[in-house]
Amino acid sequence: MGDQSAQAPVGRGNRQVGAAPQQTTRPRWPESRHYAALDLGTNNCRLLIARPAGSGFAVVDAFSRIVRLGEGLAATGRLSDAAIDRTLAALAICADKLRRRNVVLARSVATEACRRASNGAAFIERAYRETGIALDIISAEEEARLAVLGCHILLEPGDDPALVFDIGGGSTELVLVDTRTTVPTVLDWHSAPWGVVSLTESTGTGEGPDARAAIYARMRSLVRDSMADFAARLPRGIRQPRLLGTSGTVTTLASVHLGLDRYDRSAIDGLIVPAEAMRAISADLAGKSIAERAKLPCIGTERADLVVAGCAILETILDLWPAERLGVADRGIREGILRRLMNGPAA
């Protein structure tokens, strides 16, 4: 009889799939076994399945789909039926992948949309009933820490504190870290209630140069106000501020910077981009119409209406932490979860 572990529901905490109750010491899984991390955000559903490889892991399967779970949330306070249906369809694909892989340990998390929605818990229960995937609604602090754990290796060397940020669909997490330890020590963190979906829906869209300029200025103002307390706590006099971004916004803008015809993770993950170049791209995109933005290969119709909100958030972060260069990471929460699963809570 084949291994039945992948048939069991997955994701509630760090649960061993189809195994005995949790032991006091972490089991040493053979490297042929697979681990899984699922990140359900306000805009995207992402799955990563990997196996241990040396001091890290090797990806054996992945899935990513824009589901816009938080669409309309700002106005209604609820997840819409259409958004739930889109998300459940994506989760069903993830569940099928988990069944077909030899997954021994998995964790599935949900973030801002489910934290904020009045029917977030009901959606989690429905997702479990229909797909067998048990999602944990994690706090903004845990979300920030997982993002840092997943991408900190891409920070440029240095002794001063560094800033890592994750522009999501419903919120933006900023984490000040000390990188003199093997795993960065979190010195301070902040979750701003604006992501590309929530900010776009709160400010609307407009046609014509004046309307677009006014909307962009409004976005910048809202984000700046939401980060003011954190900005006031940031250390001054940093000689060479280091900045690392992990999100669809920074990977998309980096793709535009390189002039890519299609997205290429190998060209983007770990790229270092001049901050002024990202500002220039942000200003240019903010001045374009949705139709003009949609024509850009690495933006397209799926991101054309949301990318400007990401630009406004990024520019505000560059204001409060004026680094000359921006590190770009196409990794984050999922990789952080996998490192925790493979290396234990101390990772």
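The values are calculated or read from the model by the stated rules, or taken from the named source; none is laboratory data. The structure displayed is predicted, hence computed values, not measured ones. Cβ: placed from backbone, ideal geometry, glycine included. Neighbour counts: every protein chain shown. Heavy atoms of the whole protein, side chains included, go into the accessibility calculation; ligands, DNA and RNA do not. Shrake-Rupley method; radii C 1.70, N 1.55, O 1.52, S 1.80 Å.
Below is a table of values for the structure above.
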{"quantity": "Rounded if a/c under 1.5, otherwise prolate or oblate - segment 215-347, Cα gyration tensor axes", "calculated": "oblate"}
{"quantity": "Paramagnetic label zone (point 7 Å from Cα along Cα-to-C-beta, residue 180; backbone N under 17 Å) in segment 228-258", "calculated": "235-242"}
{"quantity": "Listed values (1) 125; (2) 239; (3) 136, entry calculated as volume of the Cα convex hull per residue in Å³", "calculated": "(3)"}
{"quantity": "Between 0 and 90°, nearest 10: helix 333-343 axis offset from the chain longest Cα axis", "calculated": "40 degrees"}
{"quantity": "Residue 126/residue 33 FRET efficiency (R0 30 Å; Cβ-Cβ; nearest 0.05)", "calculated": "0.50"}
{"quantity": "Charge dipole (debye, nearest 20) of segment 143-253; +1 at Cβ of Lys and Arg, -1 at Cβ of Asp and Glu", "calculated": "220 debye"}
{"quantity": "Accessible area (Å², per residue) of the chain, counting only protein heavy atoms and a probe of 1.4 Å", "calculated": "43 Å²"}
{"quantity": "Between 0 and 90°, nearest 10: helix 120-131 axis offset from the chain longest Cα axis", "calculated": "50 degrees"}
{"quantity": "Candidates 99, 279, 236, ranked by Gaussian network fluctuation over the chain, Cα under 10 Å, top entry", "calculated": "236"}
{"quantity": "Residue among 316, 246, 301 with the largest mean-square fluctuation in a Gaussian network model of the chain, springs linking Cα atoms under 10 Å", "calculated": "301"}
{"quantity": "Residues in segment 121-151 that a label on residue 96 would reach, taking backbone N under 15 Å of a point 7 Å out along Cα→Cβ", "calculated": "131-132"}
{"quantity": "Calculated FRET value between residue 229 and residue 64, using beta carbons and R₀ = 45 Å, to 0.05", "calculated": "0.85"}
{"quantity": "Protein accessible area in segment 237-347, 1.4 Å probe - carbon and sulfur %", "calculated": "48 percent"}
{"quantity": "Solvent-accessible surface (1.4 angstrom probe) belonging to residue 263, in square angstrom, nearest 10", "calculated": "100 Å²"}
{"quantity": "Sulfur and carbon atoms: percent of accessible area, segment 148-218 [1.4 Å]", "calculated": "55 percent"}
{"quantity": "Relative contact order [Cα under 8 Å, 6+ residues apart], the chain, whole percent", "calculated": "19 percent"}
